[in-house]
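A.B. asks: What follows is a structure written as structure tokens; I'll ask about it next.
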Amino acid sequence: MTASGVSIRCSNIEEARRVVSLLRNRDIPPGDIEVLSTEPIHDVGSAISGKSRLPVFVLSGGAVGILAGYALAAATARLYPLNTGGMPIVSPLPVGIVTYEMMMLLAILFTLAGMLLEARLLRKRPTDPSESPDPLSDDEVLVRVAGISAQEAENLRAAAGLSIH
């Protein structure tokens, strides 16, 4: 979050839903809204970030794995040919096993990468202690908005009836 941002501390989940709804209605970009809570709020997360792209990562990893597995098994069989007595050098059964294993490996690795990207776990953490939020109690939710002006913050405070820090 930038220094020009505003933090809104909500006392319960319903207030956070109302604040996020007001922000989305004011055409604040979803990337400028950050919601911090002690428990997941799935509907607020989907309102901010939209639909998850994780299935795209999984299917892409599987497709790349199929291609890589087949290429690995076929290239190995052709580079190190064995006398197979008239049978094909690139046999379907061993190639199928290697292809399946590579597909599963890359699907899992792409899923891990997608999860890290979707959850924004690779982002840079604030190093300045003043940028870190105070600890939240069990029911509290902190909504941070970047790039909002002082006038917009006052309008939002009036509409939501909450304190803005």
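A.B. asks: Taking the range 32-51 only, how many residues are exposed (fewer than 14 other Cβ atoms within 10 Å of the Cβ) and not acidic (Asp, Glu)?
C.D. replies: Residues meeting the conditions: 6.
A.B. asks: Residues in the range 60-72: is at least one of a type in the set (Gly, Ala, Ser) and within 30 Å of Leu22 (Cα to Cα)?
C.D. replies: Checking the range 60-72: not a single residue is of a type in the set (Gly, Ala, Ser) and within 30 Å of Leu22 (Cα to Cα).
A.B. asks: Within the range 63-110, how many residues turn out to be touching a Leu at 6+ places or on another chain (Cβ under 7 Å) and surrounded by fewer than 18 Cβ atoms within 10 Å (Cβ to Cβ)?
C.D. replies: Qualifying residue count, the range 63-110: 2.
A.B. asks: Hand me the list of helices (runs of 4 or more DSSP H) wholly inside the range 1-98 holding 3 or more residues that are over 30 Å from Ile148 (Cα atoms).
C.D. replies: 54-79
Each row is one residue, and each column tells you yes or no for (1) modelled with pLDDT under 85; (2) among the aliphatic types (A, V, I, L, M).
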site: Ser11; (1), (2): yes, no
site: Val19; (1), (2): yes, yes
site: Arg26; (1), (2): yes, no
site: Ile48; (1), (2): yes, yes
site: Val56; (1), (2): no, yes
site: Gly61; (1), (2): no, no
site: Ile66; (1), (2): no, yes
site: Met103; (1), (2): no, yes
site: Ile108; (1), (2): no, yes
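The values are calculated or read from the model by the stated rules, or taken from the named source; none is laboratory data. Owing to the predicted nature of the structure, the values given are computational and were not obtained by experimental measurement. Backbone-built Cβ (ideal geometry, glycine too); neighbour counts: all protein chains shown.
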